[in-house]
Each structure stands twice: as C-alpha cells, then as structure tokens.
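What follows is a set of notes on a single structure, which appears directly below.
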Amino acid sequence: MYDAIIFLYQILFSISLFILISTGLAVIFGMMKVINLAQGEFIMLGAYFALLGEVIGLPFILSVVLAMVGVGLFGVLVERLLIRFLYGRLTDTLLATWGLSLLMIGAVTTFLGPQVAGVSVETGRIAVGEVYSISVYNLYIILVAFAALASCWALWRYTTFGMIARAVMANPGMTSALGVDCHRYYMLTFGIGSAISGLAGAMLAPIVGTQPTMGGLYVAQAFVSVITGGELPFLGTLLAGGLFGTTNGVLSYAYSQVIGEIGVFLIAIVLLRFLPHGMTSQKGRS
Amino acid sequence: MTPKLSTTEIATLIILALASVAILAVPKFAGLSLQLDLSIIFVYAILALSMGFMWGQVGMLSFGQTVFFGIGGYSYAIFALNTGDTTTAMLLAILLPMLVAALLGYFIIYGGINDIYFAVITMVATIALEKAVRATSDPRIKIGDVRLQGQNGIAALPDLKVPWNPSETLFVTEVYYLIFIAMLLVTAAYALLLRARVGRVLVGIRENEQRIALLGYDPRRYKLLIFVISGGVAGLAGGLYAVWGNFVAPEMMNLNASASVVINVLVGGKASLLGPLVGTGIVQSLTSWLGSAGVGQVNVVLGLILIAAVQVFPQGVVPMVSAICRWGLGHLVRLAQPSRRASATGGKQ
C-alpha cells in the first residue's frame, strides 16, 4: 500500500519536473517558434537568482519572485538585442541562441566559479507509513509545475493579451494592420517564457544546487517534451510531460536515473517516427 | 558525363595543393609539438567536413556528428585494447558509427523530421549518449577486458600499427602524415560524390525536396545515405582522435564539442568543401591560442564567435575571401591591360 503511494508520488514528481522545465520553452518555442537553445541557461540563471536571494537574506518565496523578474527582464533584453533581428530565420536563431548559451555558461563560470552551490529551504517531511517519508518541498514543486502550466494556458486562452498574442504569432502582417504593435507582443511573450524558466530554475535550485553547466541537463528534456508535444504547446507539454515523466519515473525506480533519461530519449525518437507532428497534431483534422 | 571543373573548383584545388606542399614539409623544420597541434586540427577538420557537407550541400543540419565521433573513438579504444589489432579497430571506428547512423537516421529521416527539428533531435542524441557514457564509471562495467570508466575516459590506448607489419607502430610524424592524408582523401571523396549523380540529387534535395520527390527520387533514401556516409566520416575522425591522443573521453560527445563543430563550419562557410577546413583551422588555432594566453573561458569566446558569425558574416570566411579575391583579380586584370581599355574607349569615340 505505502509502496504504491510512494511509487505514484515518484511518478507524479517526475512528471512535474518535466512540466516545470518545459513550460517556459512551450511559450517561447511553442507559441513563438523561436528555437531558444539557451533555455537551459535561463533555468541556470533562475537558480543563481535564487542563490542571490538566499545570500542577501530574502525568504525563499521572494527569491523565487526575484528569479522570475530577473530572468524575465533578462529575456526581454535578449529579445531586444539578439532575437529581434532573427525572426523568420530559424537556423540563425538556433545558432545565435546556442552562442548565447555558451556565452552565459562562460560568463557565469568566470564570475562565480565552476563549483556547485546549494540553496537550502526548510520545509520538513511527511511520513508515509513506517518506512517512507515525502519531502514537503517536492509537493510544492508538483503544485508550482501544474500551476505554471495552467496559468500560461489560461493567459493565452482567456485574456485579451493572450488573444492578441496568438493573433500576432498566427499572422503578424494582418495583426499589425489592425493597429497592434507586434514587436511589443514578441517582447512580452519572450519575457514571460523567460520568467517561467527563471521560476523553474529557482524551484530546482534547492534540490539540484546551482552550477554553470546545469542547463545542459534540462535543454534536452525541454526540447524533447515540446517537440513531441506538437502544435498545441500547453496541452502537448502536459501530455509529453506525462508520458516522459512516467517513463523516466518507472525506469529510474526500477534501474537507474541514467537509464530513465535514455529511455525517454529512445521513446521520443520512436514516437516521432510515427507521429512526426507530435502528439497534438492538427494536420488532417479539418 | 561529368561536368567540367568550375573556376571555384580549380581555385580550391590550387589552394589545397599549395597548402598540402606546405603541410607535408612541416615535419622537416618544425618540432613534434607543432605536428601534434596540427594533427588535431586535421582531425577536427574531418569532423567539420562531415557536418559541413550535409549542411551546405544537402541542407541537413546534424548537430549530432559528435555521436559518431565519440562512438568511433570508443570503438577504436575498446577493440584495440582488447585484441591489440589496431587495423580492424580503425575499420570498426568507421563501420560501427555507420550502423548507428543508419538506425538513428532511419527513425529521424523516415519519421519526416526536418530542418531545425532534425538539428535539435540529433543534438539531443549526443547529450543522451554523453550521459550514458558518463554513467559507466562502475568498475564492473566492461566490454571484453576494457573498463569504460565513465567520465575519466579510457587512457593508454595502443599506438596505431602498420597494417602489413604489426610489429611496427606509427609515431607522431607518421600519424601527422596519416591524418593529413585522411583529410585530403575525405575531401576528395566528398568532391567526387558531389560530381556524381547521387551528389546532384543531394543538391537537388537542398534546393527543393518536393520537386526531387516528384521527379521520382525518394529524398529520404538519399538523406539516409548521406547521413550514414557522414556518420562513417565522423567515426573515422573519432578513431584518428583516439590514435592522436591515445585517449578517449565523454568530452568528445558533449555539447561543447558539438557546438565547436558547428562553429568551425559556420566560420569557414558551409557553401564549399574548403569552408569547413579553413574554418576549423581558424577557430581551433584561435581557441588554443586564447587558451594558452589565459584569456578567461573558451566558452565565452566560442559563444561570441557564434553570435558574431550569425549576425555579421553568415556566409563564412571562405566566400568572403573569395569574393574579395575575385574583385581584386578583376581589378588586376583591368590594370594589366590598360592599352586594350584605352583602345576600347578610343574605339567608342
């Protein structure tokens, strides 16, 4: 009985991690079709903001807010200085953001050193039966992951901002003819995606620590989720996160974490062979 | 019927011939350390060529050539340490990556994954493989008698032996010549491939995949073919890397390695076969110079080069230089024939 609870909890946690690290990319890549290879480094930056918050003595919840605002503003800056010139040039965007990713790793290593630093949060644990216990912090992560995904979905689905933003992405020429400043929406969308990545980084910091190269771990998982998710970014992320989180959780539980990660990759490749447009393809429906 | 050589091809041949003479003469007057430095640049140039050909000629962005580079290196290492037979080990370093490329390529290419998705998936493949190799630090994990040793890599690999006389091994200078000749052969093979019918189809795929399909060629078959060939070339580079350093490590497959292949191609220019070679020469000398000069993190430099290359000179160095040469040559020709110009203008009046 308790075994089953722990097993389910582990799978749910694993799904949440996938959703947490993919939601920012679902906004940037899924909505805007901007391939941001520096996605992992945005998460890394969020983790360092959480560390900064701890160093200057902020409570953890404010550190998380600091990370969201900080990485969000950084994202706006990146959009203005780099991405803006490259809309419509997919390959160039991909290469430039890869350059950005290397630059960020190098800069953080130069100024803050290559070592791992920890961020500590006191939350306690809940006992499950006699043997097991669950960290309360991990429950927060599950909550935050689903809340982040749901609020992004609601923002784009139900608000005026979301409607105009979707219109801008669908047909920028037509939308700007209607008097909308498209550049503002590109900038805001990129900023929101970045802020979500900052949130992910800050939430991950207490469980994985901060390190300049930590982004490489997440960029692969995020891209696999969003690409196999398909054309509906938020539903796709939920489905892909569910599938890969379960795969990873089960394989990690049964064998090891590395087997879990490789299993995810193999399943993604086989899946894309048969569903090239991802799990939420709209092709052929109309 | 093969087409006649174009001016660009003739210029490439002349540059390659001149460079070859200089490079073959290096061991006569330079020490072993320069030969070692140049050898590794040639290895990376072979790797860059395997990526640049697919990107520039076929329009396939493979960011995962380091997968085959790594598998090639590890194949050589494991087989050579187990059996002592370095010739077969080197063959395996080419064949095993081709096999992996065929499997991976089948799923990616026949799944219809194109363009940037192709780039991202191949990149994810190299991340996954690096992780897998890093996770083999348990001393019980062995292939034959060789421990994989996770992130420490495998060291003390045997030197390459002369295939027909296994009691003799190749030393630094011979390895230098061998790697250089391998680079030339690979370049020549790609150039011949480009002139053959298959090459025309591949270029056609870059230009318009749908039209090629309508003409009755199956683009997926051709793309898989070139992916497998280039996988073998990258594997060869990996095997040569193992011979060069007597050492393989998971760093061969990490994101930085994969990024530097792309940067080499981008800086040199992907349109020609010369581009990846020249780009590798420039970028590798620059980074090793910066590394020895202690100018901070190599990552910062690579990142800046990549951003600058995309924003400022997306075509790469080689097309830029050749445009300048053409412009300069045009002027020279006109300067050398003042009388003709004068008479021409005179004739008009």
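Values in this text are rule-based calculations from the coordinates and carry no lab data. The model shown is predicted, which means the values in this text are computed figures rather than measured ones. Counting neighbours? That spans all protein chains shown, and the Cβs are built from the backbone with ideal geometry, glycine included.
Let me make sure I get this right: for segment A:2-274, a, b and c are the square roots of the gyration tensor eigenvalues over alpha carbons, sorted descending. Under 1.5 in a/c it's rounded, otherwise prolate if a/b > b/c, else oblate. Which is it? All intermediate terms of the calculation are to be shown ahead of the outcome.
On the way: a/c = 1.67, a/b = 1.37, b/c = 1.22.
Because a/c hits 1.5 or more and a/b exceeds b/c, segment A:2-274 counts as prolate.
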Q | Percentage of interatomic Cα-Cα distances in the protein assembly as shown larger than 33 Å | A | 50 percent
Q) Given the C-alpha centroids of segment A:146-190 and segment B:87-108, what is the distance between them in whole angstrom? A) 46 Å
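Once you order the gyration tensor axes a ≥ b ≥ c over the Cα atoms, which shape class does segment B:188-233 get: rounded for a/c under 1.5, otherwise prolate or oblate by comparing a/b with b/c?
Details: a/c = 2.58, a/b = 1.56, b/c = 1.66.
Note, shape of segment B:188-233 comes out oblate.
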Q) Label-point separation (nm) for residue B:99 and residue B:247, each offset 7 Å from Cα along Cα-to-Cβ? A) 2.9 nm
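Please label the shape of segment A:67-193 as rounded, prolate or oblate, based on the square roots a ≥ b ≥ c of the eigenvalues of the alpha-carbon gyration tensor (a/c under 1.5 means rounded; beyond that, a/b larger than b/c means prolate, else oblate). Intermediate values should be presented prior to the final figure.
Values: a/c = 3.24, a/b = 1.48, b/c = 2.19.
Oblate shape, in that a/c is at least 1.5 and b/c is the bigger or equal ratio.
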Q) Mean separation of Cα pairs under 8 Å and 6+ residues apart, divided by the residue count of segment A:2-274: what relative contact order is that in percent? A) 39 percent
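Normalised by the residues of chain B, what does the relative contact order come to in percent, with Cα pairs under 8 Å and at least six apart?
On the way: 488 pairs, mean separation 95.6, N = 349.
So the answer I get is 27 percent.
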Q. Taking the simple approach of a point 7 Å from Cα along Cα-to-Cβ for both residue B:87 and residue B:110, what is their distance in nm?
A. 3.6 nm
Q.
Just to confirm the number: angle between the C-alpha axis of helix A:257-274 and the first principal axis of chain A, 0 to 90 degrees, nearest 10?
A. 40 degrees
Q | Spin-label proximity, residue B:286 to segment A:45-81 - amide N less than 12 Å from point 7 Å beyond Cα toward beta carbon | A | none
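What's the exposure ranking of A:156, B:289, B:55, going from fewest to most Cβ atoms within 10 Å?
On the way: A:156 21, B:289 10, B:55 24.
Fewest-to-most ranking of A:156, B:289, B:55: B:289, A:156, B:55.
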Q. Between residue A:130 and residue A:259, what is the label-to-label distance in nm when each label sits 7 Å out along the Cα-to-Cβ direction?
A. 2.8 nm
Q. Any idea what angle helix B:338-348 forms with the longest principal axis of chain B, computed on alpha-carbon atoms, 0 to 90 degrees, nearest 10?
A. 50 degrees
Q: Per DSSP H run of at least 4 residues, take -39500 (n - 2.57); add these up for chain A, divide by its residues and hand me the 222 nm value, nearest 500 deg cm²/dmol.
A: -25000 deg cm²/dmol
Q) Angle, helix A:160-170 long axis vs. longest principal axis of chain A, Cα atoms, 0 to 90°, nearest 10? A) 70 degrees
Q: Considering the convex hull of the alpha carbon atoms of segment B:1-86, report its projected area averaged over all viewing directions, in nm², one decimal.
A: 9.1 nm²
(Q) What does the extension gain come out to for residue B:5 and residue B:151, with contour length at 0.36 nm per residue minus their alpha carbon separation? (A) 47.8 nm
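What is the order of A:277, B:331, fewest Cβ neighbours within 10 Å to most?
Ordered by Cβ neighbours within 10 Å, fewest first: B:331, A:277.
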Q: Just order A:136-146, A:118-128, B:235-245, B:91-101 by mean Cβ neighbour count inside 10 Å, highest at the front, would you?
A: B:235-245, B:91-101, A:136-146, A:118-128
Q. Based only on the alpha carbon positions, what is the Kirkwood hydrodynamic radius of segment A:190-286, in angstrom?
A. 14.6 Å
**Q.** Computed E for residue B:197/residue A:77 - FRET, C-beta separation, R0 51 angstrom, nearest 0.05
**A.** 0.50
Q.
For chain B, I need the span (max minus min coordinate) of the C-alpha atoms along each principal axis, in Å, sorted largest to smallest.
A. 90, 56, 46
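Let me confirm one metric for peptide B:114-126, namely the mean number of other chain beta-carbon atoms within 10 Å of its residues' beta-carbons.
Mean partner-chain Cβ count within 10 Å for B:114-126: 5.
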Q | Number of partner chain Cβ atoms within 10 Å, mean per residue of A:258-266 | A | 4
Q) Of the lysine pairs in the protein assembly as shown, how many meet both conditions: Cα atoms under 27 Å apart, and a spacing of 8 or more in sequence or different chains? A) 10
Q. So what is the 222 nm mean residue ellipticity for chain B from helices alone, if each DSSP H run of at least 4 adds -39500 (n - 2.57) and you divide by all residues, rounding to the nearest 500 deg cm²/dmol?
A. -25000 deg cm²/dmol
